[in-house]
1. Of everything in the stretch 176-193, what is closer than 26 Å to Asp97 by Cβ, more than 13 Å from the chain's Cα centre (by Cα) and in a helix (DSSP H, G or I)? Give them in sequence order.
2. Taking the criterion of being in a loop (DSSP other than H, G, I, E, B), open to solvent by less than 40 Å² (accessible area, probe 1.4 Å), of a type in the set (S, T, N, Q) and at pLDDT 95 or above, would at least one residue in the stretch 148-158 satisfy it?
3. Six or more apart or on different chains, Cβ atoms under 8 Å: show the pairs whose first residue is in the stretch 129-141 and in contact (Cβ under 8 Å) with a residue 12 or more places away in the chain and whose second is hydroxyl-bearing (Ser, Thr, Tyr).
4. Would you be able to say whether some residue in the stretch 285-301 is of a type in the set (Gly, Ala, Ser), touching a strand residue (DSSP E or B) at 6+ places or on another chain (Cβ under 6 Å) and not in a strand (DSSP E or B)?
5. Exactly one condition in (1) surrounded by 15 or more Cβ atoms within 10 Å (Cβ to Cβ); (2) at pLDDT 95 or above; (3) not aliphatic (A, V, I, L, M) is not met by Lys240; state its number.
6. Does Ala130 qualify as being of a type in the set (Gly, Ala, Ser), more than 30 Å from Arg33 (Cα to Cα) and open to solvent by 60 Å² or more (accessible area, probe 1.4 Å)?
7. Select from the stretch 207-230 the residues that are free of Cβ contacts under 8 Å to residues at least 40 places away in the same chain and in contact with a helix residue (DSSP H, G or I) (Cβ under 7 Å, 6 or more places away or on another chain) and write down the one among them that is farthest from Leu64 (Cα to Cα).
Amino acid sequence: MKSPLLTLPGAVPAEGVDEGVAAHYGDLFREQRALADGTGFVDLSHRGVVAVSGEDRLGWLHLLLTQHVSELPAGQATEALILSANGHIEHALYLVDDGATTWAHVEPGTQGALIAYLESMKFFYRVEVADRTADTAVVHLPAGSIAEIPKDAVVRETPYGRDVLLPRADLESCAGSAGPPAGILAYEALRVEQHRPRLGFETDHRTIPHELGWIGSAVHLQKGCYRGQETVARVHNLGKPPRRLVFLHLDGSEVHLPPPGTGLRLADDGPEGRKVGFVTTSVRHHELGPVALALVKRNVPVDARLVAGDTAAAQETVVEP
């Protein structure tokens, strides 16, 4: 979906998975500071939107998701995953129920596969699954924002701000009253600062929830069966995940950020040292400078100095080894 807000002054289109919205509007750090101060908005209208209606929707979703949603109160935000049979992460859903419909926004382009899976699991349940991406847009308002919410919108209130799902036809008018726009790069910089993983960025084909700190926030350990639960329970009760998420402070003297996939090695092992992890997301933060999220092997010492490609990196623990 190509956003009409790309016509706003200074808008520079994003690339890759975030194509369709603005990367920035001319001043990355100003946009970050505005979001950190609780002003402005982020256009996330490229994200997929899926709606599940019907009287069985919450009980049915409870059987499929990693999160406890059978008694989800109307208006309460939550997040959940769908796992493979081996416990690997396939989908991440950001959910809210409005009393009649459960809404989820998901990574751009993933809604088709998600809906196909949900449709295959309907059986005799009284539920309807719909792709609402074409008529529903997502806008993010940062924590502390006092912007007025359109009356027809559905709101996910989180500690990081509000995700507003509104009719796509209202996107431009909402932008006109929500304050200065901030691009996806500013949003991503704050996401990295907050240590929040993102599907397709911090995940690969073998990622399990424990590696990213999604146990608790997206995975409920006391709920009933769901696909992949055996792996979740076994790792939680008997072992440790093979990798763990870390936050990196990168050497600010380097001109270029290490791109996703850049290998990490121990600084003490020298240039020929073995790979112990890789960068997943790297950004320039308005206060912290160049920072990144990365996955490293569980046995990497928490105080070890790392090198991302040719860039020195100091790690902070996100997931305990």
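The values are calculated or read from the model by the stated rules, or taken from the named source; none is laboratory data. Since this is a predicted model, take the numbers as computed values, not measurements. In this analysis, Cβ positions are derived from the backbone assuming ideal geometry, glycine residues included, and neighbour counts consider all displayed protein chains. Areas reflect the complete protein model, heavy atoms only, side chains present, ligands, DNA and RNA absent. Shrake-Rupley method; radii C 1.70, N 1.55, O 1.52, S 1.80 Å.
1. none
2. no
3. Pairs found: Ala130/Ser53; Ala137/Ser3; Ala137/Ser45; Val138/Ser45; Val139/Ser45; His140/Tyr187.
4. No: zero hits.
5. The one condition Lys240 does not meet is (2).
6. When the stated conditions are applied, Ala130 does not pass them.
7. The extreme case among them is Ile215.
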